[in-house]
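The values are calculated or read from the model by the stated rules, or taken from the named source; none is laboratory data. Quick caveat: nothing in here was measured; it's all calculated off a predicted structure. Every residue, glycine as well, gets a Cβ built from its backbone with ideal geometry; the counts of neighbours run over all protein chains shown. Accessible surface is based on the protein model in full, side chains and every heavy atom, while ligands, DNA and RNA are left aside. Shrake-Rupley method; radii C 1.70, N 1.55, O 1.52, S 1.80 Å.
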Amino acid sequence: MATFITYDEERSRAFLSLAGVRIVAVGDPEHDEVMVDVLGSDTAEKWRIVAEPPADEDAANQGMGAWHVNGADEFETVLDGRGIVEFMTTKGPVAVLLEAGDVMAVEGAEHRYRPLSPQAWILRFAGADLAARETGRVAGPWPNP
């Protein structure tokens, strides 16, 4: 079950929703509805990945750890492991600890990601490629879950 770090769950979900982010769980009644809402008819699994924890703080702020926006809407399921995702909202960064069974649905939101353990994901996204673009936002310290 997702753990909301920056604010309580209700406020976090409200801020995330305004930024284009929904956090659901595999067993939630709205899971399939959210997937179709985000991806349309393109709901096929695209990739499976295992993200490894970064070696140090510099590595934690590069690649997926840098603030970025993906060029495709995404619906990504955590299979195992733990990781932090921060999403930029009108209230500043909102951090969420994601674990097995959690799903993040992201529609154009700026975010960064840090695995805390090897973390396996199923990636689904609209279109042929995620086409990530770093935003250049300066990375602050990662939150402590």
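Quick one: would you say residue 85 is among the aliphatic types (A, V, I, L, M) and touching a residue at least 40 places away in the same chain (Cβ under 8 Å)? Before you say what the answer is, go through the steps one by one.
Numbers: among the aliphatic types (A, V, I, L, M): yes; touching a residue at least 40 places away in the same chain (Cβ under 8 Å): no.
No; evaluated as a whole, the condition is false for this residue.
Taking the numbered list (1) touching a Gly at 6+ places or on another chain (Cβ under 9 Å); (2) open to solvent by less than 70 Å² (accessible area, probe 1.4 Å) in turn, residue 1 passes all entries but (2). I want to confirm something. Restricting to the stretch 53-78 and keeping residues that are under 15 Å from the mean Cα position of the chain (by Cα) and among the acidic types (Asp, Glu), which single residue is nearest to residue 24 (Cα to Cα)? Here the answer is 76. Selection of the stretch 16-28 for residues being in contact with a Gly (Cβ under 8 Å, 6 or more places away or on another chain) and either free of Cβ contacts under 8 Å to residues at least 40 places away in the same chain or open to solvent by 70 Å² or more (accessible area, probe 1.4 Å) (or both) yields 26, 27. Go over the candidates 59, 55, 95 one by one and state the one that is hydrophobic (A, V, I, L, M, F, W, C) and touching an Asp or Glu at 6+ places or on another chain (Cβ under 9 Å). Only one candidate qualifies: 95. Where strands (runs of 3 or more DSSP E) sit wholly within the stretch 29-145, those with at least 1 residues that are loosely packed, with under 13 Cβ neighbours inside 10 Å occupy 47-51, 92-98. Taken together, 34, 21 contain a single residue that is within 13 Å of residue 124 (Cβ to Cβ) and among the aliphatic types (A, V, I, L, M), which is 34.
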